[in-house]
Amino acid sequence: MRILHAAIAIAILCASSSAIGDKPRALVVIVAKGSKVTGLSRAELRRAFSGDAVVVDGDRLVPFNYTPGSPERVAFDRAILGLSPEEVGRFWVDRKIRGESQPPRALANASLVIRIVARFPGAIGYIPADQVTDDVVAVTVDGVPPSSPDYPIAIK
């Protein structure tokens, strides 16, 4: 019986220590390779992902989101919009009732975000930092480069 208890204790310790040691997974904001946009402010991102028209370096930003409830979308909405999933839902219902702009299109995964952003001028999105390809470029946010641990967006 003691061996069983010891095995359970070791399993719990291993599981909890790996969860404790896990780092948040960084998300980065991306644009097409060759875009004039090299950096954005949180305020520009907030306006663009809230349905307002934002023009940067002559390009109108066209934002693309992940699907509601996905870890990437929840993290982005909290970091940039400052809203929980429930608050985001109410925000878009309110805008629809008022006849204001529609939410950004939602895409199911990073590969779709990359494909769309790479092909359309002005398109922006966000993906896990470890999934950036040669077709897109991660941009600074508030002057913080994507390689910095201070980059403002992460899945926690």
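Where a number appears in this text, it was derived from the coordinates with a stated rule and is not lab data. Everything numeric here is computed off the predicted structure, so don't read it as measured data. Cβ: placed from backbone, ideal geometry, glycine included. Neighbour counts: every protein chain shown.
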What single numbered condition from (1) closer than 19 Å to D150 by Cα; (2) among the aliphatic types (A, V, I, L, M); (3) assigned to a loop (DSSP other than H, G, I, E, B) fails to hold for I80? (3)
Index of the failed condition, I116 passing every other in (1) within 12 Å of the chain's Cα centre (by Cα); (2) closer than 16 Å to V37 by Cβ: (1)
If you take the residues in region 116-137 that are out of contact with any helix residue (DSSP H, G or I) (no Cβ under 7 Å at 6 or more places or on another chain) and within 18 Å of L61 (Cβ to Cβ), which one is surrounded by the fewest Cβ atoms within 10 Å (Cβ to Cβ)? R119
Please pick out the residue among S148, S101, S111 that is within 16 Å of I30 (Cα to Cα), part of a loop (DSSP other than H, G, I, E, B) and among the hydroxyl-bearing types (S, T, Y). S148
